[in-house]
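Asker: One structure, as structure tokens, below. Some questions next.
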């Protein structure tokens, strides 16, 4: 059976070298491939299918809140990119420029969109005239390009897939409401669908988006104790509207600027799924987005009736709405198939052989706990459906427990530095509000302010900044981040 | 009621100026918008929703044949693009070049993909080793860029959305089988879903895809008598495999080249829908891809119970799986709403007012024929569902009849030129197989060979080329094309 374990033995142990483990899993589970295009990656079928499931469920949730999908050009003329000062400063250094088209040099070079605020503003300026045209709740699914120097699959690449929502509202209140609504939609999605607990909060001015008045974020903790910013929602106020002249005639017949938001999630969510749930045997996929939720593996498949029974079980599962496949490849041993199911992170496998059939039973094995459950074939569908729910809940609870065990409170700067040095995870500590302290903390510890979490009690009168000792304004969740 | 018709009166009559009619419809139905990016267009919600429905149904059909979705980079390094000679000659003149990224000049410039054969070959070269790795049946949904000089919404723009399937097979037979399978899938999709009849056939060598051994096509006839190439499927043989070194070890332990195909459909399908089915009042959407299949319009909506009844009808329709909306905007008259429903091409509208409610009835109006049908409210859902099926069938039959009435046979070149000059439509005529004749016909008439249709009887011994009079090899369907 040595060969059966080869697949798994080729993965670096997670606690030995997390970065190498991650790369191994991404490759061995065939999520990613490479071509000759430096810094860009290929989404192979197993990787893209996860994104398709994420996209379908997110899209459904967007539309429930009235969002409409659109598609805007992938090019932004240089002049358009430069209209909002903070925004261009944030993005210009990392864009890719198209200078020639159709055999001729362009009169004005264009960048490949790193994000599309400027294009949406250009459109909104043309289509919004009256209060009756508001709100506009547009979203697009597309790829964007940022010329990163160092890249990692899903986490940082020169091109990635995402959605970007861009809305325009009559009032500041409505824009703020939408910003928070989308942040909560993102948070609920990670928790309810990806089984990843998140901290919801607000970014400091230093960490907010280029051009935003305020940026809200959800932060998740990876297994190595590093934070991953998993989704952001920005309130632009009327800054972009003023730069682009987006005005509407209100009911009182006065010309007013719109208030705007934007919000986005990317394929880095797949990285989060891998780094929160994966283990030494490979991927562990949350049931709700697993492209295959259950694989049926016949044992002694040449024996009479085994393949038929495997197909029958698959049909029962399919009928119950479970995404199922049968692995009847005669060239692979059952042991190899077990290892492959674990590597690819399918939440369940069903083992069915001649002995099981005699008893009218089969064995269901959970990917997350490896628990084996014997079940009557008649009950296999209801049992599997229940198990998928249980697995989701258990995965979420385990991740929550892990985060609780890796979240620390620091009372002094010395303590902060010791924790940052020795205990990977989140550090909760008060902050005066001064960017200089953020910079010093980053320099001393490589920790950055992840967010000012929502729902914290009011900052006590006597609380002091962890760094400078002056009066504290906010509790901040700090961490080392991807 | 004059204002009610303003919406429609702003459309140019279809038979007065077809091109202007098309542009008017595209704008007034809010399918397309413009930004400051020259030659590129914005898919507004109404336009993008049609594409989403096309995509969902096509994607489902692809997957039924074993196709898997992937995503490859949008950039192609110049060296990679140049590997296959015919291919690079076909595309190099119309690509957009990225020359700078991250503030620096690139060592090798990259084009934004005009199509991704070269990237798929680069990937296949890396992942295919053995016959066990075959076939590979990959597809991607993405946008591509071709630097067109003159552009028209949906039909020709510098960036458009499409899917591109790329497959690799062990044998030439398998590749040919897949090429034909996808062509037929496309044809069935147009006929069964878009209600557009198509001619299935093979392209002449002059018209085939750059790098292909053979190209199959589906050709549809627009209302102005011009042809629209609506989908193509290419058999590459082993040409790309040899250029890129894509080899596998077969069962007999010999190293062999794979055989490849590619096939694609684009957002120009939306243009086809408009130009085949639309009329002087605007869009007429095929029921199966209409984002809204039925709009419920209350009459005297302030009267007691009218809005409630409209909502009740909408709920009944929704329950029957019909995509429905209620237009209860108090600022618009019913007449305006009728005109808007017609403009936007929703297949059905339901009118419901106090008098209808008294009788327990409502009125259903077909978009395609404007027929009004009184129906018991209890029966509204089943009646609407049946009507949607009938509308699809009737739209298809009308388009088929139109095509039959605009398809001509030419026996002499004089006759051919007269038809080409005076009767818009397809011309069926024999051809010797010589490219010189294709060129002469194009020069004399602007007609191009659309395809050599499938399923024609064998070319008679005495048939002669319509152009040169030499022995004919094939029947060709000629036409002026978009």
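Asker: I need the full set of residues from region A:93-117 which are at the interface with chain B (Cβ under 9 Å from one of its Cβ atoms) and touching a residue at least 60 places away in the same chain (Cβ under 8 Å), in order please.
Answerer: A:96
Asker: Report yes if some residue within region A:246-259 is within 27 Å of residue A:159 (Cβ to Cβ), touching a residue at least 60 places away in the same chain (Cβ under 8 Å) and either part of a strand (DSSP E or B) or touching a helix residue (DSSP H, G or I) at 6+ places or on another chain (Cβ under 9 Å) (or both); otherwise report no. Before the answer, list the steps.
Answerer: Step one: list which residues in region A:246-259 are within 27 Å of residue A:159 (Cβ to Cβ), which gives none.
No, region A:246-259 has no match at all.
Asker: Please count how many residues of region A:35-45 are within 19 Å of residue B:111 (Cβ to Cβ) and within 7 Å of chain B (Cβ to nearest Cβ). Reasoning before the result, please.
Answerer: Just the residues of region A:35-45 that are within 19 Å of residue B:111 (Cβ to Cβ), to begin with: A:35-42.
Checking which are within 7 Å of chain B (Cβ to nearest Cβ) leaves us with A:35-37, A:40, A:42.
Qualifying residue count, region A:35-45: 5.
Asker: Name the one entry in A:397, A:409 that is out of contact with any strand residue (DSSP E or B) (no Cβ under 8 Å at 6 or more places or on another chain) and farther than 22 Å from residue A:324 by Cβ.
Answerer: Going through A:397, A:409 in turn, just one is out of contact with any strand residue (DSSP E or B) (no Cβ under 8 Å at 6 or more places or on another chain) and farther than 22 Å from residue A:324 by Cβ: A:397.
Asker: Being away from chain B (no Cβ under 13 Å), assigned to a helix (DSSP H, G or I) and either surrounded by 22 or more Cβ atoms within 10 Å (Cβ to Cβ) or touching a strand residue (DSSP E or B) at 6+ places or on another chain (Cβ under 8 Å) (or both) is true for just one of A:194, A:190. Which residue is that?
Answerer: Sole residue among the options that is away from chain B (no Cβ under 13 Å), assigned to a helix (DSSP H, G or I) and either surrounded by 22 or more Cβ atoms within 10 Å (Cβ to Cβ) or touching a strand residue (DSSP E or B) at 6+ places or on another chain (Cβ under 8 Å) (or both): A:190.
Asker: Considering only region B:343-358, I want to know if a residue exists there that is under 30 Å from the mean Cα position of the chain (by Cα) and farther than 28 Å from residue B:298 by Cβ.
Answerer: So far as region B:343-358 goes, no, none of its residues is under 30 Å from the mean Cα position of the chain (by Cα) and farther than 28 Å from residue B:298 by Cβ.
Asker: Next up: Provide a single number: the residues in region A:372-389 that are surrounded by 13 or more Cβ atoms within 10 Å (Cβ to Cβ) and touching a helix residue (DSSP H, G or I) at 6+ places or on another chain (Cβ under 9 Å).
Answerer: Step one: list which residues in region A:372-389 are surrounded by 13 or more Cβ atoms within 10 Å (Cβ to Cβ), which gives A:373, A:375, A:377, A:379-381, A:383-385, A:387-388.
From what is left, the residues that are touching a helix residue (DSSP H, G or I) at 6+ places or on another chain (Cβ under 9 Å) are A:373, A:375, A:377, A:380-381, A:384-385, A:387-388.
Of the residues in region A:372-389, 9 are surrounded by 13 or more Cβ atoms within 10 Å (Cβ to Cβ) and touching a helix residue (DSSP H, G or I) at 6+ places or on another chain (Cβ under 9 Å).
Asker: Here are some residues: A:22, A:48. Which one is more than 11 Å from every other protein chain (Cβ to nearest Cβ), surrounded by 22 or more Cβ atoms within 10 Å (Cβ to Cβ) and modelled with pLDDT of 95 or more?
Answerer: Checking each option against the conditions leaves just A:22.
Asker: Let me confirm something: among A:66, A:90, A:79, which residue is out of contact with any helix residue (DSSP H, G or I) (no Cβ under 9 Å at 6 or more places or on another chain), touching a residue at least 12 places away in the same chain (Cβ under 8 Å), at the interface with another protein chain (Cβ under 10 Å from one of its Cβ atoms) and surrounded by fewer than 21 Cβ atoms within 10 Å (Cβ to Cβ)? I'd like the intermediate steps shown before the answer.
Answerer: Working: A:66 fails: at the interface with another protein chain (Cβ under 10 Å from one of its Cβ atoms); A:90 fails: at the interface with another protein chain (Cβ under 10 Å from one of its Cβ atoms).
That would be A:79, the only listed residue that is out of contact with any helix residue (DSSP H, G or I) (no Cβ under 9 Å at 6 or more places or on another chain), touching a residue at least 12 places away in the same chain (Cβ under 8 Å), at the interface with another protein chain (Cβ under 10 Å from one of its Cβ atoms) and surrounded by fewer than 21 Cβ atoms within 10 Å (Cβ to Cβ).
Asker: Let me ask something additional. Which ones in region B:214-238 are out of contact with any helix residue (DSSP H, G or I) (no Cβ under 6 Å at 6 or more places or on another chain) and in a strand (DSSP E or B)?
Answerer: Answer for region B:214-238, where residues must be out of contact with any helix residue (DSSP H, G or I) (no Cβ under 6 Å at 6 or more places or on another chain) and in a strand (DSSP E or B): B:214, B:215, B:217, B:219, B:227, B:229, B:232, B:234, B:236, B:237.
Asker: Can you name every residue in region B:431-468 that is surrounded by 13 or more Cβ atoms within 10 Å (Cβ to Cβ), free of Cβ contacts under 8 Å to residues at least 40 places away in the same chain and either closer than 16 Å to residue B:412 by Cβ or assigned by TED's automatic domain parsing to the domain that holds residue B:203 (or both)?
Answerer: Passing the criteria: B:437, B:440, B:441, B:444, B:445, B:447, B:463, B:464, B:465, B:468.
Asker: Give me the residue from region A:53-63 that is within 11 Å of chain B (Cβ to nearest Cβ) and without any contact (Cβ under 8 Å) to a residue 24 or more places away in the chain and, out of that set, nearest to residue B:69 (Cα to Cα).
Answerer: Among those residues, the one meeting the criterion is A:56.
Asker: Mind checking whether some residue in region A:169-185 is over 29 Å from residue A:40 (Cβ atoms), free of Cβ contacts under 8 Å to residues at least 60 places away in the same chain and within 13 Å of chain B (Cβ to nearest Cβ)?
Answerer: Within region A:169-185, not a single residue is over 29 Å from residue A:40 (Cβ atoms), free of Cβ contacts under 8 Å to residues at least 60 places away in the same chain and within 13 Å of chain B (Cβ to nearest Cβ).
Asker: Working carefully through the options A:37, A:67, find the one that is in contact with a strand residue (DSSP E or B) (Cβ under 6 Å, 6 or more places away or on another chain) and within 27 Å of residue A:288 (Cβ to Cβ).
Answerer: Just one listed residue meets the conditions, A:67.
Asker: Within region B:121-148, which residues are at the interface with another protein chain (Cβ under 9 Å from one of its Cβ atoms) and either touching a strand residue (DSSP E or B) at 6+ places or on another chain (Cβ under 8 Å) or within 30 Å of residue A:104 (Cα to Cα) (or both)?
Answerer: B:122, B:123, B:126, B:127, B:138, B:140, B:142, B:143, B:145, B:146, B:147, B:148
The values are calculated or read from the model by the stated rules, or taken from the named source; none is laboratory data. Predicted model, so just to flag it, every value in this text is computed and none were measured. FYI the Cβ positions are ideal-geometry reconstructions off the backbone, even for glycines, and counts take in every protein chain you see.
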